[in-house]
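Asker: Got a structure here, written out as structure tokens. Questions coming.
The values are calculated or read from the model by the stated rules, or taken from the named source; none is laboratory data. Fair warning: this is a prediction, and the values are worked out from it, not measured in the lab. Cβ sites come from the backbone with ideal geometry, for glycine too, and all protein chains shown count toward neighbours. SASA here: full protein model, heavy atoms, side chains in, ligands and nucleic acids out. Shrake-Rupley method; radii C 1.70, N 1.55, O 1.52, S 1.80 Å.
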Amino acid sequence: MHDIRFIRENPDAFDAALKRRKLTPMASEILEADSNRRSLQAKIQEMQSRRNQTSKEIGALKAKGGDANALIAEVNEIKANMPALENEEAKLADKLDTWLLELPNILDASVPDGDDETQNELIRTIGDLPQFSFTPKDHVALGEGLGQMDFALGAKLAGARFVVLSGQLARLERALATFMLDTHTTEFGYVETLPPALVNSQTMTGTGQLPKFAEDLYRTDDKWLIPTAEVPLTNIVADEIINGAALPLRMTAYTQCFRSEAGSAGRDTRGMIRQHQFSKVEMVSIVHPDQSTEELDRMTSCAEAILQKLELPYRVLKLCSGDTGFSAQQTYDLEVWLPGQDEGRGMYREISSCSNCGPFQARRMKARFRDAETGDTRFLHTLNGSGLAVGRTLIAVLENGQQENGSILLPRALHGYMGTDRLVAKA
RNA sequence: GGAGAGGUGGCAGAGCGGUUGAAUGCACCGGUCUUGAAAACCGGCAAGGGUGAGAGCCCUUCGUGGGUUCAAAUCCCACCCUCUCCGCCA
């Protein structure tokens, strides 16, 4: 959500920000509605003031036993004219709210220009790519070879884009999630949290999924399935005024995530890369505005630590203007190396996305803190990042650890969690 | 699902249809006192918005949305949530 005061004071900067998002300038249109609304508001408030004042006089007069009929008639006269103005004001306020809620966040100055994911900026590449003396298989071949990954069964039970894992692979999912949570809680100070997986519309609006992206979500009668734990975790501070001394707040959660993938028909149809249901360990930080840039680097490094401990090669990209999400000011993507993709030639695929949303979500959520020095309330900054997407991590562990005979050597960090150092086919 | 009770400021907790934006206590901030701290005492302390150079003035908000009334935290209706009991159930 945008700050109308910022637009009033910096209309040109606002339009320039829209332009970076490939949107047409709107500041003058917004400001006209804003100015009309405010003048209506002033008129309405003036009438309300007179109404309140006269009503008090009526009370005082009646207390003395006087005849208040003339004053009552006066109030009725004032009130008769109010609904028309109020309706008009409400319509304008609605229009303004819709704009402010549906326009994407202003990009940070550091975000490179670009149209799409091909123009993201490579920041660093970490780890050595595994070398194979054979053509590496993808996780589908490997998982089915192990007899522990069944897409047909997923389809029977639920439909396309579902899978059933069993045996060691089912345990691997659990091991990865536990390993990630253990790392974030014991090494990085995130508080483990178990939030609802269904949330109401207000919560979905707080983080920016609604009102604009309803078609990407699954819904029940009156609730929505979370597409990421970012939604419930971030909204924990909605409508709150946090004591500034308590910042930063850091939370992590392992949850199932549900996405309709409405815009992705035909993409990534093979395998576990893009499922309607997947699990993810999410990190959320709630910080003082001065700290959010630094916190984004910290959060990104926390996600990277997981990849490093799992001995998975990856690269870090800064998303360009055309690829940065609706609520984000700036985003780092972590892409893991998947040697089995592209016919065994391998490719990098997104496994984490760490974003600083600045005050954008906080303004939607009314999430504030009290500044100890000034005593004022200010909007918090919110950040979220995957740490990591568990399903894609499982894919990476399979494809990077594969042996010619189809067994999988596990990274050392998982041996304790798995009770073994390798995955082998069912007997 | 049924019956009952209740939702008021950061927290606890008063509140008669009319000077109640809301008593009181706690917490918090400032001051007096003290070598320092504590205690005690004094003072301050809701959020959002409009307007104004500013001091200030004004509007809105007592779970949410409607309604009654000249006037609603207070009355009426619907919904949401919490608690207690009963039923059902992982």
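Asker: All but one of (1) at pLDDT 95 or above; (2) part of a strand (DSSP E or B); (3) more than 23 Å from A:R267 (Cα to Cα) hold for A:G387, so report the exception by its number.
Answerer: Tallying (1) at pLDDT 95 or above; (2) part of a strand (DSSP E or B); (3) more than 23 Å from A:R267 (Cα to Cα), A:G387 fails exactly one: (1).
Asker: Right, something else. Would you confirm, using the coordinates I've provided, whether A:Q41 is under 47 Å from the mean Cα position of the chain (by Cα), part of a helix (DSSP H, G or I) and near RNA strand B (Cβ under 8 Å from one of its atoms)? Step through it out loud before you land on a result.
Answerer: Details: under 47 Å from the mean Cα position of the chain (by Cα): yes; part of a helix (DSSP H, G or I): yes; near RNA strand B (Cβ under 8 Å from one of its atoms): yes.
So A:Q41 fits the description; yes.
Asker: Of the conditions (1) within 15 Å of RNA strand B (Cβ to nearest atom); (2) in contact (Cβ under 8 Å) with a residue 60 or more places away in the chain, A:A17 satisfies every one except a single condition; which number is it?
Answerer: Status for A:A17: all satisfied but (1).
Asker: Do we find a residue being open to solvent by 60 Å² or more (accessible area, probe 1.4 Å), β-branched (V, I, T) and under 30 Å from A:G208 (Cβ atoms) anywhere in the range A:25-39?
Answerer: For the range A:25-39, residues open to solvent by 60 Å² or more (accessible area, probe 1.4 Å), β-branched (V, I, T) and under 30 Å from A:G208 (Cβ atoms): absent.
Asker: Now for a separate question. Scan the range A:250-260 and tell me whether some residue there is aliphatic (A, V, I, L, M), open to solvent by less than 10 Å² (accessible area, probe 1.4 Å) and more than 18 Å from A:F360 (Cβ to Cβ). Full working, then the answer.
Answerer: Residues of the range A:250-260 that are aliphatic (A, V, I, L, M), as a first pass: A:251, A:253.
Okay, now just the ones that are also open to solvent by less than 10 Å² (accessible area, probe 1.4 Å), so A:253.
Imposing the further condition that a residue be more than 18 Å from A:F360 (Cβ to Cβ) reduces the set to A:253.
Among the residues of the range A:250-260, at least one is aliphatic (A, V, I, L, M), open to solvent by less than 10 Å² (accessible area, probe 1.4 Å) and more than 18 Å from A:F360 (Cβ to Cβ), which makes the answer yes.
Asker: Given (1) touching a Lys or Arg at 6+ places or on another chain (Cβ under 9 Å); (2) part of a helix (DSSP H, G or I); (3) more than 8 Å from RNA strand B (Cβ to nearest atom), identify the lone condition not met by A:H2.
Answerer: (2)
Asker: Going through the range A:233-245 one residue at a time, which ones are over 14 Å from the mean Cα position of the chain (by Cα) and open to solvent by 50 Å² or more (accessible area, probe 1.4 Å)?
Answerer: A:D239, A:E240, A:I241, A:N243, A:A245
Asker: Looking at (1) surrounded by 15 or more Cβ atoms within 10 Å (Cβ to Cβ); (2) outside any helix (DSSP H, G or I), which is the only condition A:K22 fails?
Answerer: Of everything listed in (1) surrounded by 15 or more Cβ atoms within 10 Å (Cβ to Cβ); (2) outside any helix (DSSP H, G or I), A:K22 misses just condition (1).
Asker: Also, I was wondering about something else. Of all residues in the range A:336-363, how many are part of a helix (DSSP H, G or I) and surrounded by fewer than 24 Cβ atoms within 10 Å (Cβ to Cβ)? Don't jump to the end; show me each part of the working.
Answerer: Start the filter on the range A:336-363 by keeping residues that are part of a helix (DSSP H, G or I), which leaves A:341-344, A:360-363.
Filter once more, keeping what is surrounded by fewer than 24 Cβ atoms within 10 Å (Cβ to Cβ): A:341-344, A:363.
Residues in the range A:336-363 being part of a helix (DSSP H, G or I) and surrounded by fewer than 24 Cβ atoms within 10 Å (Cβ to Cβ): 5 in total.
Asker: Additional query: List every residue pair whose Cβ atoms sit under 7 Å apart, with the two residues 6 or more apart in sequence or on different chains, where the first one lies in the range A:322-344 and is among the aliphatic types (A, V, I, L, M) and the second, anywhere, is surrounded by fewer than 24 Cβ atoms within 10 Å (Cβ to Cβ) and assigned to a loop (DSSP other than H, G, I, E, B).
Answerer: Sorted first by the residue in the range A:322-344, then by its partner, the pairs are A:L338/A:G346.
Asker: Between a residue in the range A:181-193 that is closer than 18 Å to A:S279 by Cα and any residue that is of a type in the set (S, T, Y) and open to solvent by 50 Å² or more (accessible area, probe 1.4 Å), which pairs come within a Cβ distance under 8 Å, given they are 6 or more apart or on different chains?
Answerer: As it stands, the answer is A:L181/A:Y254, since those pairs meet every condition given.
Asker: Looking at this structure, is A:S55 more than 7 Å from RNA strand B (Cβ to nearest atom) and either open to solvent by less than 60 Å² (accessible area, probe 1.4 Å) or assigned to a helix (DSSP H, G or I) (or both)? Explain how you work it out, then say what you get.
Answerer: Working: more than 7 Å from RNA strand B (Cβ to nearest atom): no; either open to solvent by less than 60 Å² (accessible area, probe 1.4 Å) or assigned to a helix (DSSP H, G or I) (or both): yes.
Considered against the rule, which asks whether it is more than 7 Å from RNA strand B (Cβ to nearest atom) and either open to solvent by less than 60 Å² (accessible area, probe 1.4 Å) or assigned to a helix (DSSP H, G or I) (or both), A:S55 comes out as no.
Asker: Further question: Among (1) buried (at least 20 other Cβ atoms within 10 Å of the Cβ); (2) farther than 30 Å from A:A425 by Cβ, there is one condition A:E121 misses while meeting the rest; what is its number?
Answerer: (1)
Asker: Further question: If you scan the range A:194-205, which residues turn out to be in contact (Cβ under 8 Å) with a residue 40 or more places away in the chain and open to solvent by less than 80 Å² (accessible area, probe 1.4 Å)? Don't jump to the end; show me each part of the working.
Answerer: The first filter runs over the range A:194-205 and keeps only residues in contact (Cβ under 8 Å) with a residue 40 or more places away in the chain, leaving A:194-195, A:197, A:205.
Scanning the range A:194-205 gives A:P195, A:A197, A:T205.
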